[in-house]
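Shown next, in structure tokens, is the structure this report addresses.
Here, each number is a calculation from the coordinates, and none is a lab measurement. All values reported here derive from a predicted model rather than from experimental measurement. Neighbour counts run over all protein chains shown; Cβ positions are idealised from the backbone, glycine included.
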Amino acid sequence: MADDHPARRILITGASSGIGAALAQAYAAPNRHLVLLGRNATRLDAVASIARERGAHADIHLVDVADTSALGELVTSIDEAHPLDTVVANAGIGGRASLAGPSGEPPEASLAIFATNVMGAIATVAPLIPRFVARRKGRIGLTGSIAGLLPLPASPSYSASKAAIHAYARALRPLLRPAGVTLTLLVPGFVDTPMSQSLDRRPFLWTPERAARRMMSAIDGGKATAVFPWALALGARAGNLLPASVLARLTSARQGG
Ligand SMILES: NC(=O)c1ccc[n+]([C@@H]2O[C@H](COP(=O)([O-])OP(=O)(O)OC[C@H]3O[C@@H](n4cnc5c(N)ncnc54)[C@H](OP(=O)(O)O)[C@@H]3O)[C@@H](O)[C@H]2O)c1
């Protein structure tokens, strides 16, 4: 296929399921080269096949994002071979796997959540930032959560991990902006994926396709944030204005997502 424009290269972590898989399909089009990361080869292959049917080029790479040195080497070598335009750090642990019991959370569960949701996300984007800055272009997306806006007693480590991503994204964005590199913080509420399907209540649920379209449009438009759905975001912001005792009563029965 003769084309004067090099394909736009988009790397997505957590591309084997849920929001990441839907994001891959949203981006899949001719003259797009998707670089899809995950651990489950069968599901990742299936996502890549659909993307190819839509005219995109798609590669898959198996990696555990908690293995930060392997991940750093992988993303650097991918960018070295063919420069990336966009990276979305989306892989995460949540849902029932992140729910605390009456005695809190087992230490290994908390550490695994931070290893994936925080260290894994930073290890995805940090090695690419100097490369994007040197090229004076690039788009970065980081997936947070509305649970990062309003910490939930049902999932302390999940909420804290997403709040960490929110702070990281908000601090980095102005730093990168003068170099022409954009950073978009993606803040979903409940999205109908295997992660949230393990929860009992999912108010204002969005489909993964709708969430992916919203996320892609925000990343491509260089927006600072995409917070959705607005009603849940409003509720989270209002919750932060309540006295701590009232908030604790309201949220202690709620689950994380
Ligand atoms: N669904 C929601 O309601 C919701 C709401 C707010 C925020 N989010 C956030 O959205 C992101 C995507 O979640 P989702 O709902 O799409 O969940 P999902 O369907 O469970 O998918 C999670 C993805 O993350 C990958 N992943 C998890 N741990 C990994 C690890 N250690 N190394 C590499 N990949 C790993 C999984 O890959 P493998 O399966 O291949 O291991 C999978 O592709 C997460 O950051 C989540 O916190 C989701």
- Query: Which value in Å does the Kirkwood hydrodynamic radius of segment 34-187 take, with 1/r averaged over all unlike C-alpha pairs and then inverted?
  - Reply: 16.4 Å
- Message: Quick check on the chain: helices-only [θ] at 222 nm, where DSSP H runs of length 4 and up contribute -39,500 (n - 2.57) each and the sum goes over total residues. Nearest 500, please.
- Response: -13000 deg cm²/dmol
- Message: For the chain, give me the percentage of DSSP beta bridges that are antiparallel, rounded to the nearest 5 percent.
- Response: 5 percent
- Task: Scan the chain and note any complete DSSP helix (H) whose C-alpha atoms cover at least 15 Å along its axis and whose Kyte-Doolittle average is -1.0 or more.
- Result: 41-53, 68-81, 156-176, 208-220
- In Å, what is the Rg of the alpha-carbon atoms in segment 170-257, and how long is Dmax? 15.5, 45
- Message: Just to be sure I understand: with springs between alpha-carbon atoms less than 10 Å apart, which residue in Glu108, Glu53, Glu80 has the highest mean-square fluctuation in the Gaussian network model of the chain?
- Response: Glu108
- Mean Cβ count within 10 Å, highest first, over the residues of peptides 198-205, 125-132: 125-132, 198-205
- Note on the structure: For 161-170, 41-50, 146-155, ranked highest to lowest by mean beta-carbon neighbours within 10 Å, the order is 146-155, 161-170, 41-50
- As a Kirkwood estimate from alpha-carbon pairs, the chain has a hydrodynamic radius in angstrom of 18.5 Å
- Task: Would you kindly calculate the mean projected area, averaged across all directions, of the convex hull enclosing the Cα atoms of segment 107-253, in square nanometres?
- Result: 9.4 nm²
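How large is the Kirkwood hydrodynamic radius of segment 21-84, in angstrom, based on all distinct alpha carbon pairs? Provide the component values of the computation, followed by the final result.
Values: mean 1/r = 0.0824 Å⁻¹.
Across segment 21-84, the inverse of the average 1/r is 12.1 Å.
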- Message: Ranking request for peptides 172-178, 207-213, 240-246: highest mean number of other beta-carbon atoms within 10 Å first, then the rest in descending order.
- Response: 207-213, 172-178, 240-246
